[in-house]
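Visitor: Below: one structure in structure tokens.
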Amino acid sequence: MTILVFGMTYGQENETSDCDLQSENQLWKAEYEKAESKAERIELIKSKIKSDSIYEQSEPKIKTAHSPTIFNEHKNKNGIECGCKILFVLHYKKRRSIIVNLNDRPELSIVVDKLNSENVERIWTEFNKETAQAVYGVAGKCGFVQLRITDRKLKRLIKNVWQQRI
């Protein structure tokens with residue numbers, strides 16, 4: 001009986017050990033803050049976007065204890081909720097931006113691959129939960145990274161990729 005309980009506990013622990021998006025986010029944020037150049041930061045952003053693509057959006061849950069609260073979580077391939085993802089946003093025109101989610105739009109990986117220090121004018125981040133949620137709602141709960149694109153060819157590519165799905 002003890003072996004069975006130990007096996008079940010270990011099995012559950014092993015199953016969820018690769019499902020800690022919050023600690024992954026914290027490690028990534030620390031590495032991002034240490035990066036000294038814009039090129040380093042862009043490479044970190046690109047790798048984070050790609051590594052987060054293994055997590056899919058869970059169905060939003062509304063919990064009402066004292067007041068309604070919406071929980072916006074992401075799950076791994078096994079369906080286990082892992083936390084929230086950092087939001088990555090590309091601004092490519094005045095008042096035009098897209099949220100980069102490779103699960104919803106895998107064709108955006110072409111755009112992500114082309115990001116570099118020459119075509120990204122500015123990067124700004126917000127990892128404070130309250131501030132990020134004020135800007136993007138529950139989707140911004142874990143913070144956001146915004147990139148302003150300056151390259152005309154990349155802007156055109158973003159526009160073409162965006163219009164493919166409409």
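The values are calculated or read from the model by the stated rules, or taken from the named source; none is laboratory data. Note that the coordinates shown come from a computational prediction; the quantities given were computed from them, not determined experimentally. Reconstructed Cβ throughout: ideal geometry from the backbone, glycine too, with neighbour counts over all protein chains shown.
Each row is one residue, and each column tells you yes or no for (1) of a type outside the set (S, T, N, Q); (2) modelled with pLDDT of 80 or more; (3) closer than 24 Å to Pro106 by Cα.
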site	(1), (2), (3)
Leu21	yes, no, yes
Glu36	yes, yes, no
Arg41	yes, yes, yes
Lys46	yes, yes, yes
Lys50	yes, yes, yes
Gln57	no, no, yes
Lys61	yes, no, no
Thr64	no, no, no
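Visitor: Separate question: Please work out which one of (1) loosely packed, with under 15 Cβ neighbours inside 10 Å; (2) touching a strand residue (DSSP E or B) at 6+ places or on another chain (Cβ under 7 Å); (3) on the phi > 0 side of the Ramachandran plot is the condition Gly143 fails and give its number.
Guide: (1)
Visitor: Need pairs with beta-carbon distance below 8 Å; first residue at negative phi and within segment 108-127, second among the acidic types (Asp, Glu) and not in a strand (DSSP E or B); sequence gap 6+ or separate chains.
Guide: Qualifying pairs under 8 Å: Glu118/Asp151; Asn119/Asp151.
Visitor: Could you grab the pairs with beta carbons closer than 7 Å, sequence gap of 6+ or different chains, first residue in segment 23-44 and more than 16 Å from Glu126 (Cα to Cα) and surrounded by fewer than 14 Cβ atoms within 10 Å (Cβ to Cβ), second one modelled with pLDDT of 95 or more and of a type outside the set (S, T, N, Q)?
Guide: Filtered contacts from segment 23-44: no entries.
Visitor: What number of residues in segment 123-140 are within 18 Å of Ala30 (Cα to Cα), modelled with pLDDT under 85 and crowded, with 18+ Cβ neighbours inside 10 Å?
Guide: Summing the residues that are within 18 Å of Ala30 (Cα to Cα), modelled with pLDDT under 85 and crowded, with 18+ Cβ neighbours inside 10 Å in segment 123-140 gives 1.
Visitor: Another question about this same structure. Those residues that are modelled with pLDDT of 70 or more, more than 19 Å from Glu24 (Cβ to Cβ) and aliphatic (A, V, I, L, M), I need them from segment 70-98; list them, please.
Guide: Val89, Leu90, Ile98, listed by residue number.
Visitor: Identify, by number, the condition in (1) of a type outside the set (Phe, Trp, Tyr); (2) surrounded by fewer than 16 Cβ atoms within 10 Å (Cβ to Cβ); (3) at pLDDT 80 or above that Leu108 doesn't meet.
Guide: Status for Leu108: all satisfied but (2).
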